[in-house]
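A short write-up of the structure that comes next.
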Amino acid sequence: MRIVIVNKSDSTGGAAVVSFRLMTALRSIGVDAHMLVAEKLSDSPYVHLLASKWRLRLAFLADRLRIALANGFDRATLFKLDAAAFGIDISAHQLVRDADAVILGWINQGVISLRDLKRLNDGGEGRKLLWVMHDMWNMTGVCHHAGSCRRYEKPGRCGNCPMLGQHATENDLSRKIHDEKCRVYDRTMIDFVAVSSWLYDKAKGSTLLSERSLTHIPNPFDLPDFKTIKRLPAPGRLRIIFGAARIDDDIKGFPVFIEALNQLKRRWPELAERTEVILYGGIKDPSAIERIPLPVEYTGLLRDAAEVSALYMRSDMVVSSSRFETLPGTLVEGQAYGCLPVAFDSGGQRDIIEDGVTGILVERSGDDSMQASSLAAGIARGASLLAGDPEELRRRMYESVKSRFDAEAVAKAYISLIRGK
């Protein structure tokens, strides 16, 4: 079987990382799998640029111009919205022509346009087209996370988009792209794959995807053998790790995390006295770290998975304060290496954490201060759970993620979907 996975990058961003993992896992079970990307950073011989750099650059600029014209050149939302108005036609690429299945990942920002999707079905008799949803974009007009907006839900249609602010109208870009997606989906045979049960439920309740072919398959993770994990304990200390590609991205809720640590120091001073924080990832404003009232180790952006794993092995708790997450990989990886996850119950976290058993789920409600208070209480509750039988807890967490997110099992689920089993 020959499979091509299409994604913007092979290593930048969560979708890139899991797409590369999927390719590797498919190859490990005998599938001739390759990736087509707009940005190649790895040295893998199985990853290929989908077009020349100048063609990709032109498509990217044209695609961003469409958004800029719609949002009044507002930089705040320039990269939070996508219309897939411009991209590259890859239907004639030899890897695509020879493929039994094409798996689309995150293909915005000039990678593939909506009008090019139909060509991926044409000319490929028996070729399957799958589209992995890493966020909500497939079911909305232009946004990747709808937040509290429910215009995308059936029987509604997008329009008056909150993300377009003062430029929103009934027939704005979100309405136009919503309607265009409907026409494209009607003309194209696509199997949509939701990477979490939360995202699956959102899709089933949407106007665009409620009647489409829809499956839930989680992201793949390269999980270590439990016996090979060499943790570095620090008796009497609580080490909290927090990481992301960019830790101060709005969606990650970094200010809420900082405030939660401040509340932890005020309300649980004895716990705070023995707590340390490890941060990894890019950050626009490093001065924000200075507001953390506890000892902090900041590593910067890490691209080497082994470096991240080493951080997990000397941490006790992995915390996520994200406003929305489809399937947060830091929580899966953290659990595998023995870190108790603490997170808001605001997305795919429930697929990863069983509250009070393999981690702590916190209700996300109210303003930032209330959310920070809830997260601080969750951290304190997590510390109590760790104080029980930490070795048994770590084994339980490992077995939980291994049974659901192991890369080989996920790869086999894709093969079954492609074969129609």
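The values are calculated or read from the model by the stated rules, or taken from the named source; none is laboratory data. In this text, all values refer to a predicted model and were calculated from it rather than measured experimentally. Methodologically, a virtual Cβ is constructed for each residue, glycine included, from the backbone with ideal geometry; neighbour enumeration extends over all protein chains shown. The area values use the complete protein model at the heavy-atom level, side chains included, leaving out ligands, DNA and RNA. Shrake-Rupley method; radii C 1.70, N 1.55, O 1.52, S 1.80 Å.
Peptides 314-322, 241-249 ordered by packing proxy, namely the average of other Cβ atoms within 10 Å per residue, highest first: 314-322, 241-249.
Here Cα extents along the principal axes in Å was calculated from the structure, and among (i) 70, 57, 35; (ii) 65, 53, 39; (iii) 59, 53, 39 it sits at label (ii). Each Lys or Arg adds one and each Asp or Glu subtracts one; over the other residues with Cβ under 12 Å from the Cβ of residue 193, this totals +1.
Overall, the accessible surface of the range 171-237 at a probe of 1.4 angstrom is composed of carbon and sulfur to the extent of 53 percent. Compared with the alpha-carbon gap, the fully stretched path from residue 189 to residue 268 is longer by 22.9 nm at 0.36 nm per residue. Would you work out if the range 247-375 is rounded, prolate or oblate? Take a ≥ b ≥ c from the square roots of the eigenvalues of the alpha-carbon gyration tensor; rounded if a/c is under 1.5, else prolate when a/b is larger than b/c, oblate otherwise. Cα axes put the range 247-375 in the rounded bin. Per residue, the convex hull spanned by the Cα atoms of the range 234-317 amounts to 83 cubic angstrom. Have a look at 137, 268, 198 and tell me which one the Gaussian network model of the chain (Cα, springs below 10 Å) gives the largest fluctuation. Among 137, 268, 198, the largest GNM mean-square fluctuation belongs to 268. Under 19 Å from a point placed 7 Å out from the Cα of residue 167 along the Cα-to-Cβ direction: which residues of the range 80-97 have their backbone N that close? Residues passing the 19 Å test: 80-87. Accessible area per residue for the chain, computed on protein heavy atoms with a 1.4 Å probe, is 43 Å². Residues 80, 227, 252 ordered from highest to lowest accessible area at a 1.4 Å probe: 227, 80, 252.
Surface calculation, 1.4 Å probe, protein heavy atoms: residue 49 sits at approximately 70 Å² accessible.
Its Cα centre serving as origin, the chain has a Cβ charge dipole (Lys and Arg +1, Asp and Glu -1) of approximately 720 debye.
Ranked by the mean number of other Cβ atoms within 10 Å of their residues, highest first, the peptides 169-180, 147-158 come out as 169-180, 147-158.
Screening the chain for whole DSSP H helices with an alpha carbon extent of at least 24 angstrom along the helix axis and a mean Kyte-Doolittle hydropathy of at least -0.5 yields 53-71, 368-386.
Here's the picture: charge each Lys and Arg Cβ at +1 and each Asp and Glu Cβ at -1 in the range 128-280, and of 177, 199, 268 the one pushed furthest to the positive end of that dipole is 268. Out of every Cα-Cα pair in the range 327-421, what percent are more than 16 Å apart? Result: 59 percent of Cα pairs exceed 16 Å. Counting every pair of alpha carbons in the range 177-280, the share spaced more than 21 Å apart comes to 64 percent.
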